[in-house]
Amino acid sequence: MRTAEITRNTNETRIRVSINLDGTGRQSINTGVPFLDHMLDQIARHGLIDLNIHCDGDTHIDDHHSVEDVGIALGQAFAAAVGDKKGLRRYGHAYVPLDEALSRVVIDFSGRPGLELHVPFTRSHIGQFDVDLTQEFFQGFVNHALVTLHIDNLRGTNSHHQCETVFKAFGRALRMATEIDPRATDVIPSTKGVL
């Protein structure tokens with residue numbers, strides 16, 4: 001079982017994350033940011049990753065710290081769960097549509113953090129959720145999972161659809177990248193011999 005549990009406590013947030021990369025998509029999520037909960041549910045369901053996340057944050061100020069710190073803790077959990085990366089497929093990609101919106105996500109468990117996020121949101125908010133926080137979530141994840149992540153919303157006019165296709169595609173790409181290749185279970189997928 002490739003699992004991890006992370007606890008992250010700061011003056012701004014208190015977070016518990018547990019994941020099972022070989023799960024079935026079961027989830028229990030309560031971050032105090034309802035739209036983020038909805039997006040994290042997409043990762044679990046479409047990635048077939050069991051995901052439990054609880055965050056007590058200073059949302060009375062705004063949602064920034066909670067969203068960023070959940071990204072950080074989730075990234076830490078993925079880094080721990082993939083371990084030495086032997087047998088890992090390493091690369092994952094997905095295209096996901098939702099009505100008029102279409103997004104592409106490509107990920108590499110490279111050991112090097114890098115984010116290219118190109119989502120031309122058509123509104124500044126989805127309900128109460130500030131779309132700028134999408135960048136904060138993924139930057140936190142990338143920096144702590146040590147992955148290279150390219151996210152492109154190729155088209156869309158509804159910001160909810162744009163964001164949802166991104167998170168669904170992210171879940172599918174994670175699922176592909178973290179699968180074990182049965183032909184190379186003892187091999188680290190790099191000419192360097194380390195990731």
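Here's the yes/no breakdown for (1) touching a Ser or Thr at 6+ places or on another chain (Cβ under 6 Å); (2) closer than 13 Å to residue 90 by Cβ; (3) in contact (Cβ under 8 Å) with a residue 12 or more places away in the chain:
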| position | (1), (2), (3) |
| --- | --- |
| 152 | no, no, yes |
| 155 | no, no, yes |
| 162 | no, no, yes |
| 165 | yes, no, yes |
| 170 | no, no, yes |
| 179 | no, yes, yes |
| 185 | no, no, yes |
| 192 | no, yes, no |
| note | Taking the stretch 61-91 and keeping residues touching a helix residue (DSSP H, G or I) at 6+ places or on another chain (Cβ under 7 Å) and farther than 22 Å from residue 36 by Cβ leaves 82, 88, 89, 90, 91
| message | I'm checking my understanding of the structure. Among residues of the stretch 157-195 that are touching a Phe, Trp or Tyr at 6+ places or on another chain (Cβ under 7 Å) and not in a loop (DSSP other than H, G, I, E, B), which one is surrounded by the most Cβ atoms within 10 Å (Cβ to Cβ)? | response | 169
| field | Odd one out for residue 137 among (1) touching a strand residue (DSSP E or B) at 6+ places or on another chain (Cβ under 9 Å); (2) within 26 Å of residue 50 (Cβ to Cβ); (3) part of a helix (DSSP H, G or I) | value | (1)
| request: Among the residues of the stretch 132-156, write down those that are crowded, with 23+ Cβ neighbours inside 10 Å, within 11 Å of residue 114 (Cα to Cα) and of a type in the set (Gly, Ala, Ser). | output: 145
| Any hit, the stretch 12-24, residues being hydrophobic (A, V, I, L, M, F, W, C), in contact with a Phe, Trp or Tyr (Cβ under 6 Å, 6 or more places away or on another chain) and closer than 28 Å to residue 159 by Cα | no
| Close pairs (7 angstrom Cβ cut-off, 6 or more residues apart or separate chains): surrounded by fewer than 17 Cβ atoms within 10 Å (Cβ to Cβ) in the stretch 12-27, part of a loop (DSSP other than H, G, I, E, B) and among the hydroxyl-bearing types (Ser, Thr, Tyr) anywhere | none
| query | Any idea which of (1) surrounded by 21 or more Cβ atoms within 10 Å (Cβ to Cβ); (2) in contact with an Asp or Glu (Cβ under 9 Å, 6 or more places away or on another chain); (3) aliphatic (A, V, I, L, M) is the one residue 117 doesn't satisfy? | reply | (1)
| task | Can you work out which of the residues in the stretch 95-114 that are farther than 20 Å from residue 36 by Cβ and among the small types (Gly, Ala, Ser) is surrounded by the fewest Cβ atoms within 10 Å (Cβ to Cβ)? | result | 114
| If you check 123, 104, which single one turns out to be of a type in the set (Lys, Arg), in contact (Cβ under 8 Å) with a residue 12 or more places away in the chain and within 17 Å of residue 173 (Cα to Cα)? | 104
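Each value in this text was obtained by applying a stated rule to the coordinates, not by laboratory testing. Every value quoted in this text rests on a predicted model; they were computed, and no experiment measured them. Here Cβ is always computed from backbone atoms with ideal geometry, including for glycine, and neighbour counts include all displayed protein chains.
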